[in-house]
Every structure is written in C-alpha cells, then in structure tokens.
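Laboratory data are not the source of any read-out in this text; all were calculated from the coordinates shown. Not measured: the values here are computed from a predicted model. Cβ sites come from the backbone with ideal geometry, for glycine too, and all protein chains shown count toward neighbours.
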Amino acid sequence: MIRSANLGFPRIGARRELKRAVEAYWTGDIDVASLTATGAELRARHWKLQRDAGIEVIPSNDFSFYDQVLDMSVTIGCIPPRFRVGAAGADLDVYFAMARGTDDAPAMEMTKWFDTNYHYIVPEFLREQEFTLQSTKAVDEFLEAKSLGFVTRPVLLGPVTYLSLGKSKDAGLDSLSLLDRLLPVYKSLIDKLHAAGARWIQIDEPILALDLNDRQCDALRSAYRLLNASGADIMLATYFESLRDNLGVAVSLQTRGLHIDLVRGREQLDRTLAVLADSATSGQDTVLSLGVVDGRNIWRSDLDNCLTVVEKAARALGTDRIEIAPSCSLIHVPVDLQVEQTLDAELKSWMAFGKQKLEEIAALSRAMQDGRDAAADAFAASSEAARSRHASPRIHNDGVKTRVAGIKQADLLRRSDFQTRRVAQHRRMTLPEFPTTTIGSFPQTEKVRKARAAFRRGDMDRGDYEAFLEDEIKAAVEKQEALGLDVLVHGEFERNDMVEYFGEQLDGFAITKHGWVQSYGSRYVKPPVVFGDVSRPGPMTVKWSAYAQSVTDRPMKGMLTGPVTILQWSFVRNDQPRMETCRQIALAIRDEVLDLEKADIRAIQIDEPALREGLPLRMNDRNPWLRQAVDCFRLAAAGVCDDTQIHSHMCYSEFNDIMASIVALDADVISIENSRSDMELLSAFVDFRYPNEIGPGLWDIHSPRVPSVDEMKKLLCEAASVISRDKLWVNPDCGLKTRGWPEVERSISNMVAAAVSLRA
Ligand code: GLN
Ligand code: ZN
C-alpha cells in the first residue's frame, strides 16, 4: 500500500518555544533538566501532530537544539581539540560551545546549507582525525518515540555529504580520504538503531543534487555497499535539485528506497521511473519517495497536479513501492498556518505551512487508496486556491506587468562610464583620500526596540514614534561627525529587518506574525511573502535619509536593500518565474533610488548580501541566473545621474567564483566583508583588476572585540599594497545593529585614526 511520509519537521515550535528555552539556558535562567524537558515536549507534540495529520512514516532525530550537522559531528565524535581541553560540564555545554565559541575557543565556522537561508556548523577535520560513536541521540530519540507509541524512521545526515560539507584544517588533507574511518561508526549507529527496532532509516545525501566528481561518486558507492549490509532498510533522500546525471549513481547505490525532489526537479520523474521499473538496472523492489509537496515554500499544493504524478508513479512501479512526501525536510517552512492571525482569510486560503503540508500529503495518500472523493474537501480547497490566485486582482497588476515587459537594455546602463562618473562624483562630494564610512545600521538598542514595540502595540502614536526616530538619527549623526567619519548614514533605527521593512511597504507583499523559520541556532527569520505583482505605493526611506541629511553638511548615504536580496529572503510566489518577480522588485527599488536622488542624497547604497546565496546548485545553471540577477541590480541602480554615487555591500566570504558578476554590477563603490579572511579575499579583487572603488571591511562586526588602530592600519596597508589608494574606502565588515554603542564608538574612532594616519 502507498505510504504517506515526512522527511523532517520544524523543531522550533509554533510559538518559538525552542528559542526561548535555549536562550534561557544560555543565560542561566533555566537548568539543563528544564531545557531537555522542553526538547522532549516539542518532540512528543510534533510526533503526535504528524500522526494526527495522517502521516504514516514519521521521522525522528530531526530534532536539534542547534543544528543537525553539529549533532552529527558530536554523534561521531568529531569534536575539534580546542573544545575538548578542560571542557568540563554537561555534554550539552560542549555542544553549544562548538556552535557559539567560548572565551578561549573560537566558535566553529557556520555556512549556508545549500541554497537555503539555513546555516549549519561546518565540521572540522584533522589529518589524524578519529571517529567514535559518542552520542546515542539518534537511538535515544527513536526509543523515546517508541515509548510514546510512534515507530519512527530516524534521519541521519549521510556520510559522504557530511564529509563533503566539512573543512579540513590540515593543508592537503582531502576530507573524503577519511571515509574509511568514518563508515564503521555509521555502520554501528545504524546497527544500534536497527536493534532498537528501526526498520527503516532515512539517510540524507543532498550532495546528490550537486555536480559530483569521481571521488565523490566512488565514496558514495563504497559507503552504501557497507551501509546496505546493516539490517535496516535505507531511504536515501536527495533534494533541492533534480538528480540529472547523478541518477545513475544514486540508483547504483542499491538502497531500499530513494527520495527525489519533484518540486525543484519535476522533469526527473520519467527517467527515474524508467530506471526503477527496469529490474535490470535496479533492485526489483526499490521504494520511490515522491517529493511532490514543496518543502521550501508556503503555497498550498495543486493537489490534482500532485495526484497525476503519484498515479503515474504507481502505474510504473505499483502502489507498494511508492511513498508520498514533501520535497525536502519541512524545517524551511513555518510550523502551522492556523496560529497565524494577521493574514486575511483569502491570503491564508492560498497558503500551507508545515502542518498543512502534511495534511496535503495525507489527502493524496487517501485519494490513492480510496479514490479522490475520499479527500474531496482537500481537493476542492486546493483547486479553489489555484483558481482564485489565478484570477485575483490582488495578485495581478497590469501596470506592473506592462512596465516589466517594457524594460530596455538602456534602463540597465548608467549614462556614462565609471571614469566619467567618478570625476562628477568627486566634484559633487569632496572627500579625503581613504574616505571613511559605515555599512548602514547602528546599534538597535533596547530603547529603539521598545519604542518600535510600543508603536506596534498602539501604545505610542505615529507622531511620537517618528519624533523619537528623528532624535535617534540626529544623535547618531552627531556621533558620526564627532568621530570624524566622512560619509554618514542615518542608522536604520526605523527598520526591524532589512527585508521585512521593505516588504511592509511594497504592494504585493504580506507580512506574517508567526511565520518563523530557523536561520541558525536560536536565530529565526520571518520571511515576507511575495504573493502578487510588486509595486511601490510611495517612498519608503526618503523621509529618514532626507531628515538625516538636513542635520549635517557631510554627505548622507541613502540605504536600500537590493532586489536579489529581497527576493532571496522572502517566500516568493510560484506562479511565475522568480526572476520575473525580481524584476518587479528592482523597478520598485529603482523608483526609490530616484526619489532619494531628488531629495539631494549624493550617495546611495544598495545592499546585496544574498546575491551569492541564490546561485543555482548546478554549475551549468549559474551563468544564466547571474546574468539576470546582475541585470536586476543594474535596473535598480542605473537610473541616477553621473554624479550620484551608487554603493553596494556584500557579506559572505566567497567572491572568487562570481567576480565577473560583481564587476558587472558596476557599482561605483563596493564594501565587502573581509576581515575574517585576513584580507585573503581581496586577492580575488586584485586578480580580477576590480575597476571601481572598494572598501574591504577592516573589522569583524560579529565580535565585540575592538581592533586597535595599528591592527586596522596594517590591514589597510595590505589593501593599499594591492589596490590603488585612490580607490580605497575605509569601513567595517557589515552593519552594526547587533553591537553596543561603546564598542562601536571605540572601533570607529580607531578606524578613523587608521585612515588619518595613512593619509599622512
Ligand atoms: N545596511 C545593512 C546594515 O547595515 C546591511 C546588512 C547586511 O549586509 N546584512 O545592517
Ligand atoms: Zn553585511
């Protein structure tokens, strides 16, 4: 019989219970017993929720206090030595120390999980790396579920993905060479799970969605040759992309089950069915898990469409060999739409969060078992949502569609080349050599957050709130003048978040109240929802920038979030190509840029920190995507006159492979995160002869440490030795909103002193 399955449920709780508990534990407000009790409570609640929704195959070990990759590191004893020395206290403290660092041991690196906005803790490998089974978390949680009446399918991150995502700390060490040492530990873990009663185990190998080299393919083959030999049946989960040319490898692994993502890779269905139906190429009874419900987005599924897929698969393989599942783990969507009170009924009727997605899977399974009528309500709601989205005037705005269709090449081009613009800009804004500036935000103090909360609750009226913001801006401007900065910012005190702030003001966007998803550890984000054609009813930032400019003679830099970043950090409508939506957002930002220019703002920064994270996973798809992304940025930026200086800011540590696109943005000035990589990054800009002006970040704003004048002078000298000094700017790595004023003032003061000394 066909089975309904899930690959992973969001662990954070519909009311962010996990965040509260974890943070309370960190501050010492609750003890370890109370933290573990919250964990157990959430797991029990989520297992029950999944069963009540009608899911038969329920995962376990998808819970985590911080991150599932970190869990795996701890499970197999891959704990960097700096956390082992004198690490007294509970295991959990070592675990959190690895994620967050301690006074003596810097935290492990964190990076984005494939093309999502989820961050994992990067495993660290040494040449003499040993692995041992150190934690029984997976087994414990399986038994915990079992004692509550749930026979779950434990989830493990696969060994080849695990090694591929890690970083070797010893030069020349190839992580995959550790596979032989790692596999016995996996094998013994799987054996233990099997002995505890787990018939099936889900093993995630999302690297199968990437371009693989021969080493990785060989590693996969040797891994699964061994792991298949344990008693348990393995459901090999792939997601985030179609398998494409990796289908052969995936099938050759001969696992009992294979999960494919049919949302991102619908076109792989036919090929996969053909291969699996042919007993010559696969085991006779491989179970295919069909990822038909989108685990990455919040839209209600088109159930008829999904059913067609499932029926086709059932015809090819027989219902016994089919599972219906979300495309990937549901940790990338919020928990439950029901708790959402701010969205109107129509919008809600178009959407599905984690719990609702499971209900969709169950409805599909019922329809397969007892006919479509058995799930008539779910199917009716689904087709009604599709019909009304297609027709709704809230979604479709002809003016916007016409404007996008009319975009011309000339709209993407500045009036003159950089050299000409530069002369005009330097005439309009006289700046010293090594001009100093910051990235935009200043500390979001308790006072600022309290005022915003009071305004939102209705306890403070708009007039008082805006007067408060003006006072904050004025104070920040005075501080910047006193510190001697050259190009000032207003401080972004009016913004809760650099994307939500714009989402709140643009038409076509909706903001949820509880739509949280985990970004890393206890940091959750609440992406806005782009449901319709995007337009800008009025200026969004001009008032604040103009006010800030009115209280100083120094140039005030306008501050906007770029179209690609807004797209990347939102839930985006799925009824038109994402880049179409991006172009609409770009036009709205373009209008804002022009309004800032009209308000006499001489420098405008358009942040694109997420430019890189939207990159397609497969190399072949990257250039077409990058070309469109660059065009969107240029569309937003290029409307201004020559003497308006366009800045951009990016903060991630890998520019090297997209340098051509960064150059193509044609921003007059770019500020980049850099200090954490010891200026290593700059080499990419040098190799590429970055043509415009550039500000390599001089201090790491992620740490409260105040770097000395000498330290920053040294970095600046290094930069000046490879980039011509008339093109160098002086700035921190990123915005300062998470920091406190005292450290910020001291750091800026040292930074300015470094610049002044270099000028001399
Ligand atoms: N202007 C934003 C700030 O200063 C940039 C944030 C970012 O790059 N993530 O906060
Ligand atoms: Zn940044």
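Dipole of the chain (Lys/Arg Cβ +1, Asp/Glu Cβ -1, origin at the Cα centre): which of Thr132, Met540, Thr438 lies farthest to the positive side?
The residue sitting farthest along the positive end of the dipole is Met540.
What is the calculated FRET efficiency for Arg244 to Asp320, with r their C-beta to C-beta distance and R₀ = 25 Å, to the nearest 0.05?
Computed FRET efficiency for Arg244 and Asp320 comes out at 0.35.
Using the count of nearby Cβ atoms within 10 Å as a rough guide to exposure, how do Ile601, Ile324, Ile658 rank from fewest to most?
On the way: Ile601 24, Ile324 31, Ile658 21.
Ordered from fewest to most neighbouring Cβ atoms within 10 Å, Ile601, Ile324, Ile658 come out as Ile658, Ile601, Ile324.
Report the convex hull volume per residue for segment 2-80, counting only C-alpha atoms, in Å³.
Details: hull volume 7.9 nm³, N = 79.
With only Cα atoms used, segment 2-80 gives 99 Å³ per residue.
Give the order of Arg421, Arg622 when sorted by the count of other beta carbons within 10 angstrom, beginning with the fewest. Walk me through the numbers before you get to the answer.
Details: Arg421 22, Arg622 15.
Taking fewest neighbouring Cβ atoms as first place, the list is Arg622, Arg421.
With Cβ to Cβ distances under 12 Å as the rule, what net charge do the other residues near Leu596 carry (K, R +1; D, E -1)?
Working: positive: Lys543, Lys557, Arg590, Lys598, Arg602; negative: Asp591, Glu592, Asp595, Glu597, Asp600.
Residues near Leu596 contribute 0 overall.
Quick one: what does P(r) look like for the chain with 10 Å bins over all Cα pairs, in whole %?
In order of increasing distance, the bins hold 3, 13, 23, 25, 20, 12, 4, 0, 0 percent.
Quick one: which residues, 5+ away or cross-chain, put their amide H under 5 Å from the amide H of Val287? H built at 1.01 Å from N.
Result for Val287 returns Gly257, Leu258.
For Tyr652, list long-range residues whose amide hydrogen, built 1.01 Å from N in the peptide plane, is under 5 Å from its own amide hydrogen.
HN-HN under 5 Å from Tyr652: Glu673.
Regarding segment 450-511, what is the average projected area of its C-alpha convex hull, in nm²? Spell out each step's value before the answer.
Numbers: hull surface 21.0 nm².
One quarter of the hull surface, i.e. the mean projection, equals 5.3 nm².
Kindly put Ser60, Ser279, Ser4 in sequence by how many other C-beta atoms sit within 10 Å of each C-beta, fewest to most. Walk me through the numbers on the way to the answer.
On the way: Ser60 29, Ser279 10, Ser4 25.
Going from least to most buried by this count: Ser279, Ser4, Ser60.
Using θ = phi - 60° and the Karplus form 6.51 cos²θ - 1.76 cosθ + 1.60, what ³J(HN,Hα) does each residue of segment 530-536 get, whole Hz, x for Gly and Pro?
Per-residue couplings from phi come out as 8, 9, x, 4, 9, 8, 10 Hz.
Pairs of alpha-carbon atoms within less than 8 angstrom and 6+ residues apart define the contacts here; what relative contact order does segment 471-525 have, in percent? Please list the in-between numbers first.
Working: 24 pairs, mean separation 10.5, N = 55.
Computed over segment 471-525, the figure is 19 percent.
Can you show me the helix-derived [θ] at 222 nm for the chain, built from DSSP H runs with n ≥ 4 at -39,500 (n - 2.57) apiece and divided by the number of residues, rounded to the nearest 500.
Details: 27 runs with 325 residues, N = 760.
After summing the helix terms and dividing by residue count, I get -13500 deg cm²/dmol.
Taking H as built 1.01 Å from N, whose amide H comes closer than 5 Å to the amide H of Thr644, not counting residues under 5 places away?
Placed amide hydrogens put nothing under 5 Å from Thr644.
Just tell me, in residue order, which DSSP H segments of the chain are both 18 angstrom or longer along the helix axis (alpha-carbon based) and at least -1.0 in mean Kyte-Doolittle hydropathy. Let's see the in-between values first.
Numbers: long enough: 32-53 (31 Å, -0.45); 179-195 (23 Å, 0.19); 214-227 (19 Å, -0.61); 303-317 (21 Å, 0.54); 354-370 (24 Å, -0.68); 376-391 (22 Å, -0.39); 462-483 (31 Å, -0.71); 578-598 (30 Å, -0.31); 619-637 (27 Å, -0.48); 709-722 (20 Å, 0.35); 741-759 (27 Å, 0.20).
Helices passing the filter in the chain: 32-53, 179-195, 214-227, 303-317, 354-370, 376-391, 462-483, 578-598, 619-637, 709-722, 741-759.
What does the net charge come to around Gly231 if you take all other residues with beta carbon closer than 15 Å to its beta carbon, with K and R at +1 and D and E at -1?
Details: positive: Arg153, Lys187, Lys192, Arg199, Arg256; negative: Asp191, Asp233.
Net of charged neighbours comes to +3.
What does the charge count near Ala453 come to, summing +1 for each Lys or Arg and -1 for each Asp or Glu among other residues with Cβ under 13 Å from its Cβ?
Details: positive: Lys447, Arg449, Lys450, Arg452, Arg456, Arg457; negative: Glu446, Asp459.
Computed value for this residue: +4.
Can you report the principal axis dimensions of segment 142-239 using only the alpha carbons, biggest first, rounded to whole angstrom?
48, 25, 23
Put +1 on the Cβ of each Lys and Arg and -1 on the Cβ of each Asp and Glu in the chain; which of Pro59, Pro742, Leu290 then has its Cα farthest toward the positive end of the dipole?
Going by the charge dipole, the pick is Leu290.
Give me P(r) over segment 515-612, computed from all C-alpha to C-alpha distances, binned every 5 Å, as integer percentages.
With 5 Å bins starting at 0, P(r) equals 2, 12, 19, 19, 17, 14, 10, 5, 1, 0.
Please report, to two decimal places, log10 I(q)/I(0) for segment 505-557 at q = 0.19, 0.21, 0.31 Å⁻¹ as given by the Debye formula with identical point scatterers on the Cα atoms and no solvent.
The computed values of log10 I(q)/I(0) come out as -0.80, -0.82, -1.11.
If you look at just the Cα atoms of segment 582-662, how large are its Rg and its Dmax in Å?
Considering segment 582-662 through its Cα atoms, Rg and Dmax are 13.7, 43 Å.
Sticking to Cα atoms, compute the Rg of segment 229-340 to one decimal and its Dmax as the biggest Cα-Cα distance, whole number, in Å.
Spelled out, the Cα radius of gyration and Dmax of segment 229-340 are 14.4, 50 Å.
For the chain, what's the relative contact order in percent, using C-alpha pairs closer than 8 Å and at least 6 residues apart? Walk me through the numbers before you get to the answer.
Working: 1435 pairs, mean separation 86.6, N = 760.
After rounding, I find 11 percent.
Let a ≥ b ≥ c be the square roots of the eigenvalues of the Cα gyration tensor of segment 291-359; is it rounded (a/c under 1.5), or, if not, prolate (a/b larger than b/c) or oblate? Intermediate results must be reported in sequence, preceding the final value.
On the way: a/c = 3.39, a/b = 2.14, b/c = 1.59.
Note, shape of segment 291-359 comes out prolate.
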